[in-house]
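Visitor: Pasting a structure below so you can have a look.
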DNA sequence: CGCGCTCATGTAATCGAAATCATCGATAAC
DNA sequence: GTTATCGATGATTTCGATTACATGAGCGCG
């Protein structure tokens, strides 16, 4: 038994022909044993399976894929895999994909358009049946594909939502969530609030900013808003939160559009000899696994990351299985998680 | 021009035949334009490329792969993609792979053997040219493959190192690093040291534990060691560090085998009304991006995560290009980064 | 002037599995 | 008893590219 395995592994891997020969049947029968076992007699099925294990046969993927025009792979592009928010979403994607018999081709675009295009052409070469992109841009070649094929193009957007792209997507209500954060801060008595956004080209930032502005206006506090533009990284959090704090009449509360930038903000606060939440309240966004273990524990907006992953896969599978014909934009629930980084301002007003 | 693109996208994608016909050459010439442009006359090359853009042609991946028996893909399995340590390694892998013209197939095994086997059979089906696994286990089918093909089997191990597996690997000197940590703590004056390990089945844990024991013995402090077994998660850090602290004669310093567990330990310390480093010093392992932004900033062992990623890819590419014939085990440099979570004990002894 | 050589290109076999169509025996229907 | 039907299986084409081999034009050299 082990000898047979060994032998099988040394040779260039048995083909369906070898199995057919060994089992004394045709290649068609062997193929059927895998793809439509109900069509083949139990006795022959057994005979074939014996030959399969004897030779250690595994169907060649390329051959199968060439014939069926399917790869059973999903290409997932992400701006930064080392970001815990994205890696958690990816985890959900991987799980849902595997459950449906698909595997995941990962593309880390590093926010670079060139890499996005590289992966786009990979998709056009049919290296994957579908594409899930977690960024906010869609390379031109793919946009053209969408324009031509419409909503049955197997491309889905996750986390972000830009109506103009004309692809299905799953995301939270970023605008509403950001407004809730502001209400929370205003409710605590803060009036001078600073905001550290992400790059405004992405809807994820502009939507949240819209929510911030709407809430500020409702409260008549729009003129007291201070804004700085970050890039979601810890370092930009340190820098931008620092600039807000160094202004005259500094904010008593800062809302960062990501937990990582909030971590940076904690650092900026510490470096100035201030304390959170005593001197400055702080709110993050995402609720990454680490948010509740920071000091102070971070108040933040919890996004259902794995669920977003599941949902985008579901949307994609629906398209692939031709179960859908119109765009779907799924808004998943978020939750403001109040922890100890927010408190009423020391001297109200 | 845009019309042509659109048209091309609607049709089932142009084949090499279509291009050949359109350019008035044979398919062989078209193929050569891509794989060996120097063999084809500049004029015809241009003619072909025009047809290519006109039709929006991209070579079909499955067909190419079937013929060449190469996929230009690397399968990377990882125990947990949402772990910042691993996601950083993956980032390095992705970068090096892309630079060499390979793309990354990601497998999150979730520490489950069943998933590892699923991905192993994916590799046997030739869905990838090589396999990089960041865990400590190698499924049986692959071990047999290694036994049969020897060191030219395109399988490489990253982060861990288990000589019995007989595959090349890239990792740090875990034993030495752990010993350095203990020396640091002993040097500060600590005598009662607690250790929170990972699961001892993985060399990454047992090697570090060996280093801990060796250092303790050299100092004659082996009997004062306290040990708890965690699983690298934050939660297990909270739990296991907590148990160490609740013992009579609790440790004045705790060494956790991962930064995440150290984060948990910070929480355990906080919950008991203690302070780090005043009452308890703390050391982590990995130096994930967040380690320096915790409070207190975490003393830890820095691993060159992206470099590990680059290195395993290099090892794999060497095997794939037949540039190597013997096993290579690369030990990359680590560095003890002393930050503010370690200090001399309050009452020495 | 013709032989051989090189260079550019065409022809056709090939990769391994899937799927269509053909076959053949057995059973059921009339 | 003949024929339509069905169930199981085999023969063969097909997917789209690569590549070994064939071809043929152009050129140099004896």
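The values are calculated or read from the model by the stated rules, or taken from the named source; none is laboratory data. No experiment lies behind these values; they were computed from the predicted model shown. FYI the Cβ positions are ideal-geometry reconstructions off the backbone, even for glycines, and counts take in every protein chain you see.
Visitor: Pick from the range A:28-54 the residues that are within 23 Å of residue B:62 (Cβ to Cβ) and more than 9 Å from DNA strand D (Cβ to nearest atom): which of them is surrounded by the most Cβ atoms within 10 Å (Cβ to Cβ)? Before the answer, list the steps.
Guide: From the range A:28-54, those within 23 Å of residue B:62 (Cβ to Cβ) are A:28, A:30-36, A:52; that's our starting set.
Then keep just the ones that are more than 9 Å from DNA strand D (Cβ to nearest atom); that gives A:34-35, A:52.
Numbers: A:34: 15, A:35: 11, A:52: 21.
The residue in question is A:52.
Visitor: Kindly provide the set of residues from the range B:73-102 that are surrounded by fewer than 18 Cβ atoms within 10 Å (Cβ to Cβ) and either within 12 Å of DNA strand D (Cβ to nearest atom) or in a loop (DSSP other than H, G, I, E, B) (or both), ordered by number.
Guide: Passing the criteria: B:100, B:101.
Visitor: Can you find a residue in the range A:15-27 that is more than 9 Å from DNA strand D (Cβ to nearest atom) and surrounded by fewer than 14 Cβ atoms within 10 Å (Cβ to Cβ)? Walk me through it before giving the result.
Guide: Initial filter on the range A:15-27 (more than 9 Å from DNA strand D (Cβ to nearest atom)): A:15-19, A:21-22.
With the extra rule that they be surrounded by fewer than 14 Cβ atoms within 10 Å (Cβ to Cβ), the set shrinks to A:17.
For the range A:15-27, residues more than 9 Å from DNA strand D (Cβ to nearest atom) and surrounded by fewer than 14 Cβ atoms within 10 Å (Cβ to Cβ): present.
Visitor: Could I ask something else about it? All but one of (1) more than 12 Å from every other protein chain (Cβ to nearest Cβ); (2) closer than 13 Å to residue A:197 by Cβ; (3) outside any strand (DSSP E or B) hold for residue A:255, so report the exception by its number.
Guide: Status for residue A:255: all satisfied but (3).
Visitor: Against the condition over 14 Å from residue B:94 (Cβ atoms), assigned by TED's automatic domain parsing to the domain that holds residue A:312 and away from DNA strand C (no atom under 16 Å from the Cβ), how does residue A:107 come out, does it pass? Break it down stepwise before answering.
Guide: Details: over 14 Å from residue B:94 (Cβ atoms): no; assigned by TED's automatic domain parsing to the domain that holds residue A:312: yes; away from DNA strand C (no atom under 16 Å from the Cβ): yes.
Considered against the rule, which asks whether it is over 14 Å from residue B:94 (Cβ atoms), assigned by TED's automatic domain parsing to the domain that holds residue A:312 and away from DNA strand C (no atom under 16 Å from the Cβ), residue A:107 comes out as no.
Visitor: If we scan the range B:208-218, do we find a residue that is without any contact (Cβ under 8 Å) to a residue 12 or more places away in the chain and more than 14 Å from chain A (Cβ to nearest Cβ)?
Guide: So the first thing to find is which residues in the range B:208-218 are without any contact (Cβ under 8 Å) to a residue 12 or more places away in the chain, and the list is B:217-218.
Subsequent filtering for residues that are more than 14 Å from chain A (Cβ to nearest Cβ) retains B:217-218.
So far as the range B:208-218 goes, yes, one or more of its residues are without any contact (Cβ under 8 Å) to a residue 12 or more places away in the chain and more than 14 Å from chain A (Cβ to nearest Cβ).
Visitor: Give the number of residues within the range A:119-163 that are within 14 Å of another protein chain (Cβ to nearest Cβ) and assigned to a strand (DSSP E or B). Steps first, answer last, please.
Guide: Initial filter on the range A:119-163 (within 14 Å of another protein chain (Cβ to nearest Cβ)): A:119-129, A:131-132, A:134, A:138-150, A:152-155.
Okay, now just the ones that are also assigned to a strand (DSSP E or B), so A:131-132, A:155.
Adding up the residues that qualify gives 3.
Visitor: With the requirement that a residue be near DNA strand C (Cβ under 9 Å from one of its atoms) and either out of contact with any helix residue (DSSP H, G or I) (no Cβ under 9 Å at 6 or more places or on another chain) or not in a helix (DSSP H, G or I) (or both), what does the range B:11-26 give you? Break it down stepwise before answering.
Guide: To start, the set of residues in the range B:11-26 that are near DNA strand C (Cβ under 9 Å from one of its atoms) comprises B:20, B:23-26.
Those that are near DNA strand C (Cβ under 9 Å from one of its atoms) and either out of contact with any helix residue (DSSP H, G or I) (no Cβ under 9 Å at 6 or more places or on another chain) or not in a helix (DSSP H, G or I) (or both): B:24, B:25, B:26.
Visitor: Filter the helices (runs of 4 or more DSSP H) completely within the range B:27-72 down to those with at least 3 residues that are at pLDDT below 95, more than 14 Å from chain A (Cβ to nearest Cβ) and on the phi > 0 side of the Ramachandran plot.
Guide: Working: elements: B:27-35, B:42-55, B:61-68.
Hits in the range B:27-72: none.
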